[in-house]
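Since the structure comes first, as structure tokens, the remarks are kept for the end.
The values are calculated or read from the model by the stated rules, or taken from the named source; none is laboratory data. As the structure is a computational prediction, the values presented were derived from the model and not from experiment. Reconstructed Cβ throughout: ideal geometry from the backbone, glycine too, with neighbour counts over all protein chains shown.
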Amino acid sequence: MVTLSAVARPLVSQLQRQLFRGARSLRITPVRRCNLTACSSKYVLSAVHPMWKGPLVVPGGDRQSPIDIVVRKSVFDSELKPLKPKYDPDTCQQIYNNGYSFLVEYDDTTDKSTLSGGPLQNSFRLCQFHFHWGENNDWGSEHTVDKRLFPAELHLVHWNSEKYSLFEEAVMEDNGLAVIGVFLKVGKRHEGLQKLVDALPAIRHKGSEVEFSHFDPGCLLPSDTNDYWTYHGSLTTPPLTESVTWIVMKQHIEVSHDQLAVFRSLQFTAVDEEVQKSMVNNFRVQQPLRGRTVRSSFTPFLQEPGAHKHSH
């Protein structure tokens with residue numbers, strides 16, 4: 001029997017880095033109408049990115065991302081281990097504006113920057129990280145917690161180098177990718193992030209890239225990485241493959257308003273395009289859970305003072 005991945009792999013091998021770097025050819029439906037309590041009911045995306053317009057050529061499934069994490073419905077799993085990120089700053093190579101976000105890309109030809117532990121049975125190599133953010137501080141994250149929105153969300157993308165030989169292969173297959181999600185909240189300046197923020201004006205326009213080295217992505221993780229939610233989901237950009245083990249951190253990190261303002265100064269558009277469009281609201285609409293279980297590495301209720309005990 002011919003599998004979907006066997007049919008799709010030739011296409012993916014040509015396009016995948018570009019999709020992840022470009023997302024230029026696959027398109028999907030628009031508009032995150034906001035029915036979330038933290039968000040104005042009038043809010044509709046003011047500048048929908050072209051990637052989310054037109055028909056989607058990859059079939060949707062039952063394990064799409066992002067989702068709203070309902071804390072009281074998450075299931076504590078005592079088997080979930082602490083995460084073991086092991087990152088080598090020397091594997092950092094460049095920053096690239098792909099017209100949707102900016103990617104900080106890492107050399108993933110060896111096991112120098114890896115993620116293991118947590119819900120993962122294998123070792124995963126870091127490929128890149130990127131962010132999603134809103135046009136203001138009221139929204140921007142892809143995932144939400146009890147419908148609470150954050151101004152931005154960091155995604156550290158890793159692929160399973162024990163089961164697969166290339167990122168392009170892993171992205172199409174079950175248990176192929178592991179993505180850490182970290183919420184950003186506005187507060188004090190994030191010193192570790194500042195080196196990256198300082199480099200962003202050089203990649204203001206779509207298609208631009210600049211060398212960027214010696215950056216430790218571990219500095220962007222919260223101080224406590226033991227508390228997280230995990231579920232089976234998908235990429236949130238085309239090709240939207242359902243190959244992702246999501247690991248969403250309970251603890252957020254703080255960045256300053258000025259640091260996020262630099263994210264918002266980037267452009268969706270190339271330098272020679274007549275109409276320039278600010279890179280904001282680059283997130284996907286939330287997807288239905290469809291019977292999936294969200295597991296937590298911590299007991300959600302016993303840690304909250306005065307919270308009622310719930311049994312699952």
Matching residues in the stretch 239-260 - criterion: being under 23 Å from Lys163 (Cβ atoms) and in contact with a Lys or Arg (Cβ under 8 Å, 6 or more places away or on another chain): Glu242
Looking at (1) surrounded by fewer than 22 Cβ atoms within 10 Å (Cβ to Cβ); (2) within 17 Å of the chain's Cα centre (by Cα), which is the one condition that is false for Leu126? (1)
Scanning the stretch 158-170 residue by residue, those surrounded by fewer than 24 Cβ atoms within 10 Å (Cβ to Cβ) and among the aliphatic types (A, V, I, L, M) turn out to be Leu166
Residue that is surrounded by the fewest Cβ atoms within 10 Å (Cβ to Cβ), among those in the stretch 242-260 that are within 19 Å of the chain's Cα centre (by Cα) and not in a strand (DSSP E or B): Gln251
Can Pro239 be described as in contact with a helix residue (DSSP H, G or I) (Cβ under 9 Å, 6 or more places away or on another chain) and either at pLDDT below 95 or in a loop (DSSP other than H, G, I, E, B) (or both)? yes
Six or more apart or on different chains, Cβ atoms under 6 Å: show the pairs whose first residue is in the stretch 72-88 and aromatic (Phe, Trp, Tyr) and whose second is modelled with pLDDT of 95 or more and part of a strand (DSSP E or B). Phe76/Ser296
Of the conditions (1) crowded, with 23+ Cβ neighbours inside 10 Å; (2) at positive phi, Leu177 satisfies every one except a single condition; which number is it? (2)
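Table: residues versus (1) over 12 Å from the mean Cα position of the chain (by Cα); (2) among the hydrophobic types (A, V, I, L, M, F, W, C).
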residue: Thr109; (1), (2): yes, no
residue: Leu115; (1), (2): yes, yes
residue: Pro119; (1), (2): yes, no
residue: His130; (1), (2): no, no
residue: Gly134; (1), (2): yes, no
residue: His143; (1), (2): no, no
residue: Asp146; (1), (2): yes, no
residue: Leu149; (1), (2): yes, yes
residue: Glu153; (1), (2): no, no
